[in-house]
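Here is the structure we will look at.
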Amino acid sequence: MQFAKGVAQLRENAKPIWNWQTPHRQQLETLAEDSYQEFSQRLLPGTSNILGVRLPILQALTKQILKGDWRDYLSNATDETFEEIMLQGLVLGSANADTNELLERTANFVPKIDNWSVCDSFCAGYKLAKRQPEVVWNFLLPYISSELEFECRFGVVMLLDYYTSEKDIPRTLIQLSQTKATGYYSKMAVAWAISICFVKSSQATLPYLKKPVWDDFTHNKAIQKIIESNRVPLGSKSLVRNLKRSV
């Protein structure tokens, strides 16, 4: 329902126009909704700088920024609100530039991530991972092993978005088994990634679930997500259900 309202507003306003002469935050404030701000704050507890601009609107603005001087936009963007940081991530993820430049900009952006929404949206739109998968894989390794909650989540969500093909699952599972995730959102990302690996290849993933690889919370959350998946056969769900740990 909330998404439908957002789409309806986007259509009503046509496409919001990015004005290069108007301060960034001022533009976003004109597109904000009080009701959506309240909705977003419930989804993102602890994130207090939310204006209330819907994602489809930010995506429409992203396309316009990319047609202009997106480097100038990023150079002048501020980090005062959730939407400003989200918009930076969307622009960076879709920008077309030299690989080294994009990786350097990514390294500078990741410390700004402090919630799952910015993290996951940034990862989902990160086109360089499709163009240069091996380069990005190597870039991700320090993040996957990071003890910082959202650095780790960034690395792990990138794995589940781009490295769960039949060829990649073995090395992805190795990385997931070696994470140092301690924060709630990083552990949830690991559990999510394990479940995706299981959906893609239960044969490769099952041995990891039969061993004490992950802590009880991550292990049981992964099993929960596998059981809840519509893409896992009933027989496989019964098998993993028996692997749940008592805590």
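Selection over region 184-242 of residues that are among the aliphatic types (A, V, I, L, M) and closer than 24 Å to Asp120 by Cα gives a count of 13. Within the bounds of region 202-212, is there any residue that is without any contact (Cβ under 8 Å) to a residue 40 or more places away in the chain, farther than 30 Å from Leu44 by Cα and in contact with a Pro (Cβ under 8 Å, 6 or more places away or on another chain)? Taking every residue of region 202-212 in turn, at least one turns out to be without any contact (Cβ under 8 Å) to a residue 40 or more places away in the chain, farther than 30 Å from Leu44 by Cα and in contact with a Pro (Cβ under 8 Å, 6 or more places away or on another chain).
Residues in region 105-119 that are among the hydrophobic types (A, V, I, L, M, F, W, C) and in a helix (DSSP H, G or I): Ala107, Phe109, Val110, Trp116, Val118, Cys119.
Applying the criterion of at least 2 residues that are surrounded by fewer than 21 Cβ atoms within 10 Å (Cβ to Cβ) and at pLDDT below 95 to the helices (runs of 4 or more DSSP H) found wholly in region 123-175 leaves an empty list.
Only one of these is touching an Asp or Glu at 6+ places or on another chain (Cβ under 8 Å) and not aliphatic (A, V, I, L, M): Asn19, Asn49. Name it. So the residue among Asn19, Asn49 that is touching an Asp or Glu at 6+ places or on another chain (Cβ under 8 Å) and not aliphatic (A, V, I, L, M) is Asn49. On inspection, Val110 fails the criterion of being within 15 Å of the chain's Cα centre (by Cα) and either exposed (fewer than 15 other Cβ atoms within 10 Å of the Cβ) or under 22 Å from Lys225 (Cβ atoms) (or both). For region 78-96, check the following and say yes or no: at least one residue is more than 20 Å from the chain's Cα centre (by Cα) and of a type in the set (A, V, I, L, M, F, W, C). No. I'm trying to understand the selection: among the residues of region 73-85, which are touching a residue at least 12 places away in the same chain (Cβ under 8 Å), part of a helix (DSSP H, G or I) and surrounded by fewer than 16 Cβ atoms within 10 Å (Cβ to Cβ)? The answer is Asn76, and nothing else. Look through region 176-189, keep the residues that are part of a helix (DSSP H, G or I) and either at pLDDT below 95 or closer than 28 Å to Leu234 by Cβ (or both), and return whichever of them is farthest from the chain's Cα centre (by Cα). If we take residues in region 176-189 being part of a helix (DSSP H, G or I) and either at pLDDT below 95 or closer than 28 Å to Leu234 by Cβ (or both), then Ser177 is farthest from the chain's Cα centre (by Cα). Once region 27-56 is narrowed to residues that are among the hydrophobic types (A, V, I, L, M, F, W, C) and within 24 Å of Pro111 (Cα to Cα), the residue that is surrounded by the fewest Cβ atoms within 10 Å (Cβ to Cβ) is Leu43.
The values are calculated or read from the model by the stated rules, or taken from the named source; none is laboratory data. Predicted model, so just to flag it, every value in this text is computed and none were measured. We place every Cβ from the backbone using ideal geometry, glycine too, and count neighbours over all the protein chains shown.
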